[in-house]
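What follows is calculated from the coordinates using simple rules that are stated; it is not laboratory data. Bear in mind that the values here come from a model prediction, so they are computed numbers and not experimental data. Every residue, glycine as well, gets a Cβ built from its backbone with ideal geometry; the counts of neighbours run over all protein chains shown.
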Amino acid sequence: MPYATAKDGTKLFYKDWGRGDPVVLLHGWPLTGDTFDDLAIKLVEAGKRCIIPDRRGFGRSDQPWNGYDYDTFADDVAAVLEEARIAQPVALVGFSMGGGEVARFLSKQGRQRVSHAVLLGSVVPKVAQSDDHPDGVPQAKLQEITQQMQSDRYGFLQTFLKQFYGVGIISHPVSQGVLDASFQQASMAGARPTYAAAQAWATTDFRPDLPAFQGVPTLIIHGSSDANVPAAGTGRKAAEAIRHAQYIEYDGSPHGLFETDKKRLARDVVEFLTAGSRGTTADTSASAIPLTR
């Protein structure tokens with residue numbers, strides 16, 4: 001199994017599947033690259049090469065004390081690309097906190113290194129509520145999450161993952177097997193990485209990174225019923241700021257789109273990454289939310 005070495009010596013696990021134009025799949029918190037297996041299979045079948053890292057502190061990567069900030073995360077992606085000997089532009093697909101890595105990689109490494117950008121249920125442009133971002137998540141709610149994690153991390157994760165997939169008394173969009181597998185992935189992370197990475201996605205403001213998307217074909221997909229990263233403060237705002245982006249909102253879908261909307265998500269991402277310049281225009285089809293420009 002391949003590992004890359006980060007600037008600080010951290011060993012970063014990644015999968016390298018297929019041949020063709022490279023696609024880097026950046027997972028969400030608190031999971032691992034395994035969440036992208038089904039999408040990666042479809043991309044490989046479509047002629048792509050998929051690079052699927054486990055973020056530092058998660059999955060099979062090392063668990064250092066430091067480095068849980070987006071500048072380091074972006075550098076880690078560059079280290080994986082170097083180890084995989086990929087010099088050509090790559091398509092970056094980021095789910096949830098992975099969307100922040102897409103934004104920071106673009107602004108730090110340069111848009112010339114990126115062929116396409118895909119934000120799935122992403123934290124871009126900002127999660128936390130503020131005076132200039134009223135649609136964000138209230139600070140009190142973010143503090144409550146931190147307190148619950150530190151009080152009973154495993155109990156919190158079990159409850160969190162139900163909301164992640166929209167599981168309720170009546171609604172069961174995923175099986176118990178999916179919940180169990182996700183809990184297992186989340187449990188692989190150490191306590192320090194879990195807390196520090198949550199602090200990073202909850203507090204980082206990616207609005208200064210948004211100009212770096214200019215000229216890069218961009219697809220944004222978000223669930224309208226995402227209770228973890230609400231679309232009003234993230235997906236819709238990102239689509240408004242990245243004016244050439246194609247924005248698709250899945251009506252009634254929760255955060256964990258890679259399981260709840262597996263087939264549709266694979267179709268939309270594969271079509272976008274194999275359709276050349278089609279992704280550079282706003283989507284006003286029935287499956288998308290037209291934006292006022």
With the dipole of region 3-280 worked out from charges on the C-beta (+1 for Lys and Arg, -1 for Asp and Glu) around the Cα centre, which of 255, 26, 137 lies farthest toward the positive end?
26
For residue 128, list long-range residues whose amide hydrogen, built 1.01 Å from N in the peptide plane, is under 5 Å from its own amide hydrogen.
137
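Please compute the contact order of the chain in relative form: average sequence separation of alpha-carbon pairs under 8 Å and at least six residues apart, divided by the residue count, as a percent.
Working: 606 pairs, mean separation 57.2, N = 293.
Relative contact order for the chain comes out at 20 percent.
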Restricting to lysines 8 or more places apart or on different chains, can you count the pairs in region 1-153 with Cα atoms under 26 Å from each other?
10
Using a Förster distance of 35 Å, the FRET efficiency for residue 17-residue 180 (Cβ separation, nearest 0.05)
0.90
The list (i) 1.08; (ii) 1.06; (iii) 0.93 gives values of Rg/Rh (Cα atoms, Kirkwood Rh), and only one came from this structure; which label was calculated from it?
(iii)
Whole angstrom only: what separates the Cα centroid of region 1-49 from the Cα centroid of region 83-108?
11
If you keep only loop residues by DSSP, which chymotrypsin sites (Phe, Trp or Tyr not before Pro) in region 46-88 have at most 14 other Cβ atoms within 10 Å of their Cβ?
65
Dipole magnitude (debye, nearest 20) for the chain, charges at Cβ of Lys, Arg, Asp, Glu
460
